[in-house]
């Protein structure tokens with residue numbers, strides 16, 4: 001006679017035995033409508049056969065068998081991040097998992113508090129786009145975690161998915177050089193986020209490879225990745241009299257703000273100054289000056305993140321600790 | 001001697017007694033770093049004095065005293081919704097609450113499943129922007145709930161916050177009429193979402209008040225609120241030979257897609273056709289044809305939603321079951 005398993009079942013176990021969804025089991029337990037009498041009977045039998053003691057949901061949480069995954073993003077009003085989050089959500093759903101989206105506004109204390117909440121409700125895994133240089137990941141060290149776009153300082157067994165930012169930076173600088181620019185500025189995010197840093201390194205490498213000297217006085221930065229911050233910054237720069245004939249902006253919103261500042265000061269784009277962005281968001285296409293930009297494959301990033309986290313949750317081995325996704329140049333009207 | 005309270009404490013009670021955040025209490029319980037020895041001592045004393053039995057988080061969940069609120073939105077890639085969600089989040093944080101954002105893609109089954117998950121993890125309240133005509137709110141009938149933008153069929157004790165969509169529709173039609181248009185079309189969302197319906201009713205009322213007959217053949221709709229859906233639809237409309245000299249689109253993304261379709265067929269905006277949108281998203285300002293549009297006060301909607309849900313959670317009486325926020329005309333280059 002097989003040994004009777006005494007450990008109480010998780011909500012996932014019950015849903016499997018009953019052949020219904022976790023949500024349905026939860027509804028039966030909570031006596032919350034929308035299930036057939038037959039389903040109710042089956043679920044309740046499994047529960048009583050296994051000496052199950054409610055609260056089932058809390059139990060499910062306790063055994064870490066939940067069907068939701070925390071998705072931490074810096075700013076959902078930035079289309080790049082909202083698109084990645086939606087792609088993650090779509091892919092997770094195909095695996096029966098749900099994304100709980102936490103918007104951190106790049107604030108480290110908000111990021112920490114969300115991690116605590118997500119831990120408290122026992123998420124099964126975490127997909128993490130941090131707004132910080134030093135990603136606080138102690139509390140998720142033992143949890144399946146996929147980082148997107150921004151790598152933590154110590155990776156452990158987690159995975160990083162990012163665009164080939166270095167090549168993107170090179171492409172941007174090269175495009176400006178080929179278009180005749182010789183004083184090529186850069187506007188980037190002031191925080192040393194790994195993705196922005198790699199884009200900047202690629203830009204710098206390409207300038208030097210082309211025999212241009214790296215001009216420290218043409219390196220600008222903003223404390224916030226937004227249209228308004230970039231516009232304000234570039235108006236200041238022009239006020240100071242610094243001259244440049246090309247500029248690489250490390251995101252499209254920074255490029256859109258830069259184009260607006262240039263126009264406001266009567267500079268023609270691309271006649272006087274050429275501009276290259278990064279991301280290829282919809283607004284860069286619809287803008288009055290459609291942007292030349294470096295396209296990130298948001299759909300692929302989101303899909304791979306979801307697929308890999310599910311593998312990790314299921315205990316499968318992950319082959320590599322870093323997946324790099326190719327980028328490409330999209331030429332429009334600012335170069 | 002006062003009667004000793006035997007009911008076990010919630011995580012919120014403990015955090016109040018200890019004078020630390022709920023997140024900190026959770027960290028102490030879960031032995032998850034980042035708190036001082038003093039904090040640990042204080043929290044543990046309160047727990048033992050009150051015969052508290054872990055799992056604390058699960059308990060907190062069970063007693064419905066959590067510090068997070070579900071925020072259900074139809075589409076975070078639409079700036080209107082992402083801006084509302086971020087405003088809600090900012091305001092909730094000032095009350096010590098956190099927004100867990102659930103993106104439904106207007107899919108009723110996803111909406112239901114998120115409601116079950118949020119119920120399962122015992123959210124304290126729900127802010128709900130539904131993607132559906134018949135909002136499935138049985139499962140949250142007893143939970144503090146604020147609806148934004150879209151009203152449910154039966155409201156119960158919940159609250160609806162919405163823009164004055166009817167006046168907005170009137171303003172849009174009036175603007176087109178005043179600009180000389182006499183064949184004024186409308187492009188709206190095919191689903192009978194209350195906000196879109198009210199905008200359309202206002203538009204229709206204004207046309208008739210101005211002595212124009214309502215032309216059923218100039219009423220167009222799309223199954224999805226997006227730039228691409230609107231562009232495709234309006235290319236089809238022009239293909240069919242229908243003529244109009246003005247069009248009210250019930251969102252900015254629909255208006256941006258319409259402008260793109262008109263341009264692609266060689267129609268001048270506003271020379272040949274005038275266009276009015278609704279929302280006033282950033283892209284409508286940056287577009288190559290900056291939109292005339294009806295501005296919604298996203299910041300106020302988000303703030304009020306957060307303030308009201310906190311009142312409901314705290315058991316305060318809510319004065320009214322519906323709060324209507326004023327809209328205004330922003331005139332740019334498409335009229």
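What the table shows:
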{"read-out": "Nm distances between copies for residue B:317, ranked from closest, using label points 7 Å along Cα→Cβ", "value": "6.8"}
{"read-out": "Projected-area average for segment A:165-295 over all orientations - Cα convex hull basis, square nanometres", "value": "6.8"}
{"read-out": "Footprinting exposure proxy for B:263, B:240, B:91, B:288 (fewest neighbouring C-beta atoms within 10 Å first)", "value": "B:240, B:263, B:288, B:91"}
{"read-out": "Cβ neighbours within 10 Å from other chains - mean over B:249-260", "value": "1"}
{"read-out": "Label-to-label distance, nm, for residues given as residue B:324 and residue B:297 (7 Å Cα→Cβ offset)", "value": "1.4"}
{"read-out": "Crossing angle, helix A:227-239 versus chain A [Cα axis fit, 0-90 degrees, rounded to tens]", "value": "20"}
{"read-out": "Residue-averaged beta-carbon neighbours from other chains (10 angstrom radius) around B:89-100", "value": "3"}
{"read-out": "Mean shadow area of the protein assembly as shown over all directions, Cα convex hull, nm²", "value": "35.5"}
{"read-out": "Most fluctuating residue given options B:159, B:100, B:126, as computed from a GNM of chain B linking Cα atoms under 10 Å", "value": "B:100"}
{"read-out": "Degrees between helix B:194-209 axis and first principal axis of chain B (Cα, 0 to 90, nearest 10)", "value": "30"}
{"read-out": "Packing-based exposure ordering (other Cβ within 10 Å, fewest first) of B:175, B:251, A:145", "value": "B:175, A:145, B:251"}
{"read-out": "Viscosity 0.692 mPa s, temperature 37 °C, Stokes-Einstein D of chain A from Kirkwood C-alpha radius, µm²/s", "value": "149"}
{"read-out": "The protein assembly as shown, helix-only ellipticity at 222 nm - DSSP H runs n ≥ 4, -39,500 (n - 2.57), divided by all residues, nearest 500", "value": "-13000 deg cm²/dmol"}
{"read-out": "Average Cα contact separation per residue, segment A:165-295, under 8 Å, 6 or more apart, as relative contact order %", "value": "27"}
{"read-out": "Choice from B:16, B:191, B:274 with maximal GNM fluctuation in chain B (Cα, 10 Å cutoff)", "value": "B:16"}
{"read-out": "Cα pair distances in segment A:238-335, grouped into 5 Å bins until the bin that holds the longest one, percent each", "value": "3, 12, 20, 17, 11, 9, 8, 7, 6, 4, 2, 1"}
{"read-out": "Sequence of B:320, A:335 once ranked by neighbouring C-beta atoms within 10 Å, starting from the fewest", "value": "B:320, A:335"}
{"read-out": "Value of relative contact order over chain A, rounded to a whole percent, pairs C-alpha under 8 Å and six or more apart", "value": "16"}
{"read-out": "Most mobile listed residue (A:85, A:216, A:18) in chain A, GNM with C-alpha springs under 10 Å", "value": "A:216"}
{"read-out": "Calculated FRET value between residue A:265 and residue A:214, using beta carbons and R₀ = 30 Å, to 0.05", "value": "0.75"}
{"read-out": "Test item: A:283-292 mean partner chain Cβ contacts at 10 Å", "value": "4"}
{"read-out": "C-alpha center-to-center spacing [segment B:71-107, segment B:278-323] in angstrom", "value": "11"}
{"read-out": "In degrees, nearest ten, helix B:108-120 long axis to first principal axis of chain B (Cα)", "value": "20"}
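Every read-out reported here was derived from the displayed coordinates using simple, explicitly stated rules and does not represent laboratory data. All of these numbers come straight from a predicted model, not from anything done at the bench. Note that each Cβ is placed from the backbone with ideal geometry, even for glycine, and that neighbours are counted across all protein chains shown.
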